[in-house]
1. May I ask you to derive the FRET efficiency for GLN179 and CYS98 from their Cβ-Cβ distance with R0 = 25 Å, giving the value to the nearest 0.05?
2. Peptides 50-57, 321-328, 98-105: what's the order by average Cβ count within 10 Å, highest mean first?
3. Hey, rough spin-label estimate for ILE314 and THR105, points 7 angstrom out along Cα→Cβ, what's it come to in nanometres?
4. Based on the mean of other Cβ atoms within 10 Å per residue, sort peptides 214-221, 330-337 so the most packed one is first.
5. With each pseudo-label sitting 7 Å past Cα toward Cβ, what's the ARG221-GLU337 distance in nm, one decimal?
6. Given the Cα-Cα distance of ALA231 and THR116 and 0.36 nm per residue of separation, how much length would full extension add, in nm?
7. What residues from the stretch 256-289 fall in the zone where the backbone N is under 13 Å from a label point 7 Å along the Cα-to-C-beta line of ALA250?
8. I need the peptides 84-95, 245-256 ranked by packing, meaning the mean over residues of other C-beta atoms within 10 angstrom, with the highest value on top.
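Any read-out appearing in this document is the output of simple, stated calculations on the displayed coordinates, not a laboratory observation. Treat the numbers as computed from the prediction; the structure is a model and nothing was measured. Every residue, glycine as well, gets a Cβ built from its backbone with ideal geometry; the counts of neighbours run over all protein chains shown.
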Amino acid sequence: MQKIRSKKQGGFTLVETLISAVIAVSIGVYLAGLFKDQAIDSTVDRYGKWMGSYLNALTGYMVQNPVAPAVLVRNGTDWLKPNTCGGGFPEIDSFLSCNVPTNFTSPFGLASPTVTFSYAAGLNPTANVVFGVVQDNGGADSVLASLFVKKINQQVTINQGYQNVDVFAATDNTLAELQSANLRAVIDNNLAADIHLRLDGANSMTAPILSESTTWAMIARDNAGTENILAEDPQSSVNVNDVFNRSSDAWLSETHNLAEEAYALAVRAPQFMSEVVHNTVIQKPNCPGTLSAQIFTDAPIFVGGPNSGDARLISGVRTPVIDQGASWRVQLFTLYEDTPATWQPVPPDMGRVKATVRCS
């Protein structure tokens, strides 16, 4: 009986081994397919980001170069890069990173990108970009091409914000063209959704311009790169309807009105107040606008004689002012009862005149 059980157990072990082998093969096939899909996704993601960056660079180039020959053709990506890695621009003026490959000849049969710029008379430029036919297993793969389109559009529209780049996998909507998996793009700078500040003033910004500079938010320079600091010069001025000043929590137009009111009150305030003696000359102030200079006098201090023993009764005091053109001459006279017909000038040690000058 023991031997019979051993044979039965051995039979079960063989079956289990066969089942395990089948499961292992199935898992292996599944994992191989999974790894292949992951590898494809990773490759498409990497190349799609490069292609999106390339399209963004083309858009930036078109913004900076609104005028060119009627038809302009460029191949590859290096021409957009800095001169340190084979490009034609200084580092600060380049459009594409050195990390982007020269061509997008991925395992999916794509060729070197070709862009044809069209500068039609009176219009902003457009660009037609051809990446090539997306292939897999030796033939065109429209499904794989659609994955490229998704990745490129994500890089262009979501990560970079462009709305004027259209990437698609066919030249029209027919089934035959869709099956061709021809990956290409069109950039149309006539659209107003360009995120660049256009040099030709053709677009409208739809969001604030945010500055992350640690120095000045805006510096005006002339076309030679020289900073212009002259006051009231169009090259260093901003012409807008109004400006909000956060430091004063007010609009510039409001602060201007407040300044005008304050100035109007200030210029009407006394500009000169003093006590002067007889025959003092006071210069007239320069009054703004239609205001004119005026002087007001009063005699707050005067005595009736040179000392207490010579006190004299005073019957009148006057402070005439002589207009001398650019100045006034302030005088002080008294009329004594013992000499009623004679107005006498008051000596400096016997009287003062309060003089107030203002614009009115």
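1. Details: r = 37 Å, r/R0 = 1.46.
Approximately 0.10, to the nearest 0.05.
2. On the way: 50-57: 23.6, 321-328: 12.0, 98-105: 15.2.
Top to bottom by mean Cβ count within 10 Å: 50-57, 98-105, 321-328.
3. Inter-label distance under the simple model: 11.2 nm.
4. Numbers: 214-221: 9.1, 330-337: 18.6.
Those peptides, ordered most packed to least, come out 330-337, 214-221.
5. Label at ARG221, label at GLU337, 8.7 nm between them.
6. Details: separation 115, 0.36 × 115 = 41.40 nm, distance 4.54 nm.
Additional length available on full extension: 36.9 nm.
7. 256-264
8. Working: 84-95: 14.0, 245-256: 11.3.
The most tightly packed comes first, giving 84-95, 245-256.
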